[in-house]
Amino acid sequence: MTSPLIVEPQIVEPPYAGYIRSRIRTVPDWPQQGVMFRDITPLLQDPKTFRVLVDIFVHRYMDQQLDVVAGVDARGFILGAVVAYELNLGFVPVRKKGKLPFDTVAEEYELEYGSATVELHADACKAGDRVLLIDDLVATGGTMIAAANLLKRIGANVVEAAAIVDLPELGGSNLVRQQGIELFTVCDFAGH
């Protein structure tokens, strides 16, 4: 008798993931030695690629009964504002400390090389608002978690966090999910 062949299930990424990944520029040793910086500006410069990227998010969230899109300073502003516009929603900026002129709430978080603080206007959302939180990438997860915590503190419900790129080797996407935050990313650079 022969034993049945056991086949491990494979995760098949959507066809758009490779397309988007191929248009992200990798800049070695920036901003410091040993860092492989994933530069999204080529995605934004090409009208076709930018449209594909925006459409990925719009199609994912168009039926989610969202109230607002929040974008993380600064590259999350670019994508978040366009997605909010396409979904006919308002946009809320989550800013670096000291950039907002009105009453704010703040959240400090740890980075690989220190700490940082993000802020949100205290009246940026209403209690119960369903929010999509967007940034350009998830590295260590600190910024995304801090931004989600701010939104929760003012009573909003973070339906999902989203980013263009996941850098899974840095562990941030796992940390975000461990905080109970749903996370969607378009592509990753695991082993790339």
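So here's what we get for this one:
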{"quantity": "Heavy-atom accessible surface of the stretch 66-192: percent carbon and sulfur, 1.4 Å", "calculated": "46 percent"}
{"quantity": "Kirkwood Rh and Cα Rg combined as Rg over Rh, evaluated for the stretch 1-111", "calculated": "1.12"}
{"quantity": "DSSP-defined antiparallel bridges as percent of all bridges, the chain, nearest 5", "calculated": "40 percent"}
{"quantity": "Bridge type composition, the stretch 88-188 - antiparallel percent by DSSP, nearest 5", "calculated": "45 percent"}
{"quantity": "Interchain or long-range residues, amide H under 5 Å from Val158's placed H", "calculated": "Val131"}
{"quantity": "Computed [θ] at 222 nm, deg cm²/dmol, the chain (DSSP H ≥ 4; -39,500 (n - 2.57); rounded to nearest 500)", "calculated": "-9000 deg cm²/dmol"}
{"quantity": "Rounded accessible area per residue of the stretch 54-112, 1.4 Å, Å²", "calculated": "57 Å²"}
{"quantity": "Placed amide H near Val138: partners under 5 Å, 5+ positions off or other chain", "calculated": "Val165, Asp166, Leu167"}
{"quantity": "For semi-axes √(5λ) of the Cα gyration tensor in Å, calculated from these coordinates, the label among (i) 32, 19, 15; (ii) 29, 20, 19; (iii) 28, 23, 13", "calculated": "(ii)"}
{"quantity": "At 1.567 mPa s and 4 °C, Stokes D of the stretch 129-178 from Kirkwood alpha-carbon radius, µm² per second", "calculated": "119 µm²/s"}
{"quantity": "The stretch 129-192 - accessible surface per residue (Å², probe 1.4 Å)", "calculated": "35 Å²"}
{"quantity": "From phi via Karplus (6.51, -1.76, 1.60), per-residue ³J(HN,Hα) for the stretch 18-27 in Hz, x at Gly/Pro", "calculated": "x, 4, 5, 4, 5, 9, 9, 8, 9, 10"}
{"quantity": "Shape call, the stretch 72-122: gyration tensor on alpha carbons, a/c limit 1.5", "calculated": "oblate"}
{"quantity": "With 5 Å bins from 0: P(r) over the stretch 42-96, alpha-carbon pairs, percent", "calculated": "4, 21, 28, 24, 16, 6, 0"}
{"quantity": "Full-stretch length increase - Arg177, Val54 - with 0.36 nm per residue and alpha-carbon distance subtracted", "calculated": "41.9 nm"}
{"quantity": "Ratio Rg/Rh [Cα only; Rh per Kirkwood] for the stretch 93-176", "calculated": "0.96"}
{"quantity": "Listed residue (Ala147, Ile134, Phe91) projecting farthest to the positive dipole end of the chain, Cβ model", "calculated": "Phe91"}
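The values are calculated or read from the model by the stated rules, or taken from the named source; none is laboratory data. If you're wondering where the values come from, they're calculated on a predicted model, not measured in any experiment. When we count neighbours, we look across all protein chains shown, and the Cβ atoms used for this are built from the backbone with ideal geometry, even at glycine. Just the protein is used for accessible areas: all its heavy atoms, side chains included, with ligands, DNA and RNA removed. Shrake-Rupley method; radii C 1.70, N 1.55, O 1.52, S 1.80 Å.
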